[in-house]
Amino acid sequence: MNIAALVSGGVDSSVMVHLLKESGYDPTIFYIRIGMEEEDGFIDCPSEEDIEITTYIAKKYGCKYEEVSLHEEYWENVVSYTIEAVKRGLTPNPDMMCNKLIKFGCFEQNWGKEFDKTATGHYARTAEVDGKTYLATAADHVKDQTYFLGQIDYLQVSKLMFPIGHLQKSEVRQIAADAKLPSAERKDSQGICFLGKINYNDFIRRYLGEKEGKIVELETGKILGTHKGYWFHTIGQRRGLRLGGGPWFVVKKNVEENIVYVSNGYDPETQYGKVINLQGFQFITEDWWGNFEGEKDINFKIRHTPEFTKGKLVKINDIYRIYSDDKIQGIASGQFGVIYDNDAQLCLGSGMII
């Protein structure tokens, strides 16, 4: 089998190559460069250390190695999407768009199409059910990354391999240590990939600037302070408001008037909700329940956390909604509601929260 292995230099993708070789495969290693230099500054995801480690892995295991550039495609599909979503007062998910449009989109169209499978170091699995391939959750539920894969389609999931999906993170670290891989003790990457070492607020400031606005208590209308632009704040945010007498949570934004509304819990209904409206919902593999109208029991996530929430997926006249069994905090427009089957074993699909 001809396999393209996407390697970042981290411990997970390094161990992925080790396991592929142990299984008798001879993957071609690809390192995707997505950093971009332009007039307003430098966005740099790849580092020299990443490339050095990836090159070392290729030599250690005797694999072909190729660096590919998707700078422009990443800017057009992910960075621009992020800036525009923030400008509209939404909460974007660039990592989800990167998986769908870059790693398994542009890469597939330009390089991956020559291979039988594409392997990554994601904590996820695939499962065969009634002759069809489904995206399945990882053995390590704390590290499970299926939320970030919730927007891929059937053609994409059918071609993917997740060699470390059956392992716990501690086991991956141990394999890396036993194999004396240079990434064995490397810290996991945090934050948004394309920012590199750039602070998120500095990045947003570079493109949207600053504009002072009011911070208002939702229940009373009292002005509590000021902010430097609604685009620096997200629904459910608690830190960085610089307000006394809290805890305060961002519960609403007025984009037209540049107002950020906060609440500290006088009325829990302003902080928590149970109904999630979805736009553009799609199943990854197929309509799991057939062409149903009504409701089905599900698990779901509205952000990347280890915990699942029980609820129902309701479809009426092609409109999808999630009804949560429990009140949940920080339902943010622009994020994604990702649904799972009733046993939280299969990731079924997703839609954007509106």
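The values are calculated or read from the model by the stated rules, or taken from the named source; none is laboratory data. Given the structure is predicted, the values throughout are model-derived calculations rather than measurements. Every residue, glycine as well, gets a Cβ built from its backbone with ideal geometry; the counts of neighbours run over all protein chains shown. Remember, those area values only see protein heavy atoms, side chains included, never the ligands or the DNA or RNA. Shrake-Rupley method; radii C 1.70, N 1.55, O 1.52, S 1.80 Å.
Listed values, structure above:
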| read-out | value |
| --- | --- |
| Residue satisfying all of: in the range 316-330; among the hydrophobic types (A, V, I, L, M, F, W, C) and over 22 Å from the mean Cα position of the chain (by Cα); farthest from Met352 (Cα to Cα) among these | Ile316 |
| Those residues of the range 123-147 which are open to solvent by less than 20 Å² (accessible area, probe 1.4 Å), within 25 Å of Leu278 (Cβ to Cβ) and within 19 Å of the chain's Cα centre (by Cα), in sequence order | Tyr123, Ala124, Tyr134, Leu135, Ala136, Thr137, Ala138, Asp144, Thr146, Tyr147 |
| Subset tally (residues that are of a type outside the set (Lys, Arg) and not in a helix (DSSP H, G or I)) for the range 99-154 | 32 |
| Residue selected from the range 315-333 under the condition open to solvent by less than 20 Å² (accessible area, probe 1.4 Å) and more than 21 Å from Gln145 (Cα to Cα), by the criterion modelled with the highest pLDDT | Ser324 |
| Pairs with Cβ under 6 Å, 6+ apart, first in the range 256-267 and aliphatic (A, V, I, L, M), second assigned to a loop (DSSP other than H, G, I, E, B) | Val260/His233; Val262/Trp248 |
| Any hit, the range 232-243, residues being of a type outside the set (S, T, N, Q), surrounded by 12 or more Cβ atoms within 10 Å (Cβ to Cβ), within 22 Å of Ala85 (Cβ to Cβ) and touching a residue at least 60 places away in the same chain (Cβ under 8 Å) | yes |
| Failed criterion for Gly131 (all others in (1) touching a residue at least 24 places away in the same chain (Cβ under 8 Å); (2) over 23 Å from Asn299 (Cα atoms) hold) | (1) |
| Every residue from the range 165-183 that is open to solvent by 50 Å² or more (accessible area, probe 1.4 Å) and touching a Phe, Trp or Tyr at 6+ places or on another chain (Cβ under 7 Å) | Pro182 |
| Some residue of the range 302-316 being in contact (Cβ under 8 Å) with a residue 60 or more places away in the chain and in contact with a helix residue (DSSP H, G or I) (Cβ under 6 Å, 6 or more places away or on another chain) | yes |
| Among (1) surrounded by fewer than 15 Cβ atoms within 10 Å (Cβ to Cβ); (2) touching a Phe, Trp or Tyr at 6+ places or on another chain (Cβ under 6 Å) - the single one Asn254 does not satisfy | (2) |
| Residue in the range 275-288 that is modelled with pLDDT under 85 and open to solvent by 50 Å² or more (accessible area, probe 1.4 Å) present | yes |
| Qualifying residue in the range 229-248 (condition: part of a strand (DSSP E or B) and under 23 Å from Ile331 (Cβ atoms)) | no |
| Residue match in the range 148-164 (condition: open to solvent by 60 Å² or more (accessible area, probe 1.4 Å) and under 15 Å from Thr120 (Cβ atoms)) | no |
